Amino acid sequence: MDRCAYSGLNYRKAVNVEELRAIAKRRLPNFVYEYIHGGSDDEVTLERNRAIFDKYYFTPRTLTKVSKQRSLETSIFGKKISMPVLIGPTGFNGMVTKDGDTKLARAATHYGIPFTLSNASTTSLEDISKIDGLWHWMQIYFYRNRDYVKKLVERCKEANYDTIVVTTDSAIFGNREWDRRNYSRPLVLTMRNKLHVLTKPRWLNDVLIPDGIPQFKNLGDLLPPGETSVKGAAAVLGQQLDPSLNWDDIRWLRDEWKGRLVIKGILSVEEAATAVEVGVDGIVLSNHGGRQLDYSVSPMELIADIRAKVGNQLAILVDSGFRRGSDVLKARLLGADAVLLGRTTLYGLGAGGQEGAEHALNIIREEMDRILGLLGCNDLSELDSASLMVSSSR
């Protein structure tokens, strides 16, 4: 079934996230769109992340006196949020639109949900922390330079962040073959891509004029002088990532950081149990949106087993492949507390800036609200596992 019937450029007319994706593809240069959309190797994990949702079916109750005023409100770490979604960490957002991180953060504020700033952002963590009403989280990578990690943690403390998300599945870069196709050599676009950029004057005026290529704003202490641009930093970052990352490093970080600590990249029941022992506050079940290990299991397949193992000892968040409100509710029914959205809000950002990202969130919210009612529930607390059936035929 074609889920992308709309072929225009007005993001306001998009009725689903797939249509926002198509609009973003038409608005953005090819190399930027493929950076957002692409996966690793044969992109089997990328495709499976979407296909897995077809395995789960709803079993509605129709005579339950559903109210016209339903609630999607829930809590994470004891704080209320308007719906069970967060904006997850995504890097290089300044290449999608000027001040892309700020626009995503303001979209999150508009909907009363947390925003997670990427370590590889083009907006400083201090600037994000100044946005009124925003619950700001910070994502970090572990680098060989532990002094940098320690300084970054100190910056988070000083800027009043209360949650750090440490990504553990990127210590070795995945094989993203679209990089090889789009660049003639490291970070030098092919002639075809250069010519395609010239067909996007709106993007050029928004992103590159007058300030040029966006700069990384949270990596200064890690990079050589003058190498803070998106172009200049990439090779250095690859060398700085530490493949020896292990639980001792998480324990070290737990000692350094007394706020909430979340591990992103867990895909193992055993590692989820270890996270409890180490004193982690939450985990994100994630295969990095299909951008790292190809043929990886989907996080959806592990939610129930991990919830059964850890109970309520930590928060279970999940990402990778979520495009519909129904996807989010399926994850909730399996035992997840909330879902991190990555590409979904980036498609909105690429299609229409902050308003486009807000439109993406509104689409997800309206889908969840409608499905909640169709399941015979007035709020999320009324959902139970009996509302979801797992098909054995897929």
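A short reminder: the numbers here are calculations on the coordinates, not readings from a lab. Given the structure is predicted, the values throughout are model-derived calculations rather than measurements. Every residue, glycine as well, gets a Cβ built from its backbone with ideal geometry; the counts of neighbours run over all protein chains shown.
See the values below:
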quantity	calculated
Whole-Å semi-axes of the range 28-75's equivalent ellipsoid (Cα gyration tensor)	37, 18, 9
Considering only the chain, percent of DSSP beta bridges that pair antiparallel, nearest 5	30 percent
Per-bin percent of Cα-Cα distances, the range 57-169 [5 Å]	2, 10, 18, 20, 16, 11, 7, 5, 5, 3, 1, 0
Hydrodynamic radius (Kirkwood) for the range 209-358, which is based on Cα pairs only, to one decimal in Å	17.7 Å
Value of Rg to Rh for the range 114-222 (Rh from inverse mean 1/r over Cα pairs, i.e. Kirkwood)	1.04
Candidates A308, A275, A107: whichever shows maximal mean-square fluctuation once the chain is modelled as a Gaussian network with Cα springs under 10 Å	A308
q = 0.13 Å⁻¹: log10 I(q)/I(0) that the Debye formula gives for the range 237-326, counting C-alpha atoms only	-0.47
Equivalent-ellipsoid semi-axes of the chain, from the Cα gyration tensor, Å, largest first	31, 26, 20
Rg in Å to one decimal, and Dmax rounded to a whole Å, for the range 327-394 via C-alpha atoms	14.1, 41
Distance (nanometres) between label positions extended 7 Å along Cα→Cβ at I209 and D147	4.3 nm
Hydrodynamic radius of the range 290-381 per Kirkwood, over alpha carbon pairs, in Å	14.4 Å
Charge context of W137, other residues only, Cβ under 12 angstrom, K/R +1, D/E -1	+1
For the range 9-89: span of alpha carbons on each principal axis (Å, largest first)	49, 31, 30
